[in-house]
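Colleague: Submitted below is the structure of interest, expressed as structure tokens.
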Amino acid sequence: FSLGGAVAVRYGALHRDIDAVVSVSAPARWFYRDTVPMRRVHWVIERRMGRLAVRLAKGTRVAPHGWDPEPEPPHVVASRIAPVPLLVVHGDADPFFPLEHAYQLYEAASDPRELWIEPGFGHAEVAATPELIKRIGEWAYAQR
């Protein structure tokens, strides 16, 4: 889910010890700031006061210097997942990442791949219904 979905895409592209990859509500590229929630996320991770606030509020420490080196973004590596199946799931009501991220991941990937655009679905596990989780699980199980 979300950044974890991007991690799943990268792992699937770089390793062969998997049966399938599922990416839900994931960004296709890094440093996206075109929505209010993502501008807030970047404020938290890029500013000293933001990092202090998240450490005090959530107990999460954010490194101040960013990635070194910067990893290739998910849409760049998505084509390397095949022949492992990829499922991209995204909601049309996601306030963090618009549908363009799902389409970019899907279009960059090679077959076998599926794209599920979920009507009314917001962002990640917070918005996922038990029915959607069940469908995703059934898809993943069928790939074994």
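The values are calculated or read from the model by the stated rules, or taken from the named source; none is laboratory data. Only a predicted model underlies this, so the values are computations on that prediction, with no experimental measurement involved. We place every Cβ from the backbone using ideal geometry, glycine too, and count neighbours over all the protein chains shown. For the accessible areas, the whole protein counts, side chains as well, though only heavy atoms, and no ligand, DNA or RNA atoms are used. Shrake-Rupley method; radii C 1.70, N 1.55, O 1.52, S 1.80 Å.
Residue-by-condition table, conditions (1) acidic (Asp, Glu); (2) open to solvent by less than 80 Å² (accessible area, probe 1.4 Å); (3) in contact with a Lys or Arg (Cβ under 6 Å, 6 or more places away or on another chain):
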site: VAL9; (1), (2), (3): no, yes, no
site: ALA13; (1), (2), (3): no, yes, yes
site: ALA26; (1), (2), (3): no, yes, no
site: ASP34; (1), (2), (3): yes, no, no
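Colleague: Oh, and also: How about the stretch 36-52: which of its residues are more than 17 Å from PHE96 (Cα to Cα), open to solvent by 60 Å² or more (accessible area, probe 1.4 Å) and of a type in the set (Lys, Arg)?
Modeller: ARG47, ARG48
Colleague: On to the next question. Can you tell me how many residues within the stretch 100-111 are surrounded by 14 or more Cβ atoms within 10 Å (Cβ to Cβ) and either farther than 19 Å from LEU3 by Cβ or aliphatic (A, V, I, L, M) (or both)?
Modeller: Residues meeting the conditions: 5.
Colleague: Which of the numbered conditions does VAL89 fail, given that it passes all the others? Conditions: (1) open to solvent by 60 Å² or more (accessible area, probe 1.4 Å); (2) part of a strand (DSSP E or B); (3) closer than 20 Å to TYR32 by Cα.
Modeller: (1)
Colleague: Can I ask one more? Which residue, of ALA20, ALA13, ALA8, is among the aliphatic types (A, V, I, L, M) and either at pLDDT below 95 or within 11 Å of the chain's Cα centre (by Cα) (or both)?
Modeller: ALA8
Colleague: What's the total number of residues in the stretch 56-85 that are open to solvent by 100 Å² or more (accessible area, probe 1.4 Å) and over 16 Å from VAL7 (Cα atoms)?
Modeller: 6
Colleague: Applying the selection to the stretch 135-144, what residues are exposed (fewer than 11 other Cβ atoms within 10 Å of the Cβ) and modelled with pLDDT of 95 or more?
Modeller: Let us first name the residues in the stretch 135-144 that are exposed (fewer than 11 other Cβ atoms within 10 Å of the Cβ), namely 138, 141-142, 144.
Selection gives GLU138, TYR141, ALA142.
Colleague: Taking the stretch 112-131 as the region of interest, how many residues are surrounded by fewer than 17 Cβ atoms within 10 Å (Cβ to Cβ) and in contact (Cβ under 8 Å) with a residue 12 or more places away in the chain?
Modeller: Qualifying residue count for the region: 8.
Colleague: Which residues, counting only those in the stretch 68-108, are without any contact (Cβ under 8 Å) to a residue 60 or more places away in the chain, in contact with a Phe, Trp or Tyr (Cβ under 9 Å, 6 or more places away or on another chain) and within 24 Å of LEU132 (Cα to Cα)?
Modeller: ASP92, ALA93
Colleague: Within the stretch 38-72, track down each residue that is in contact with a helix residue (DSSP H, G or I) (Cβ under 8 Å, 6 or more places away or on another chain), aliphatic (A, V, I, L, M) and in a helix (DSSP H, G or I).
Modeller: Matches in the stretch 38-72: VAL44, ILE45, ALA53, VAL54.
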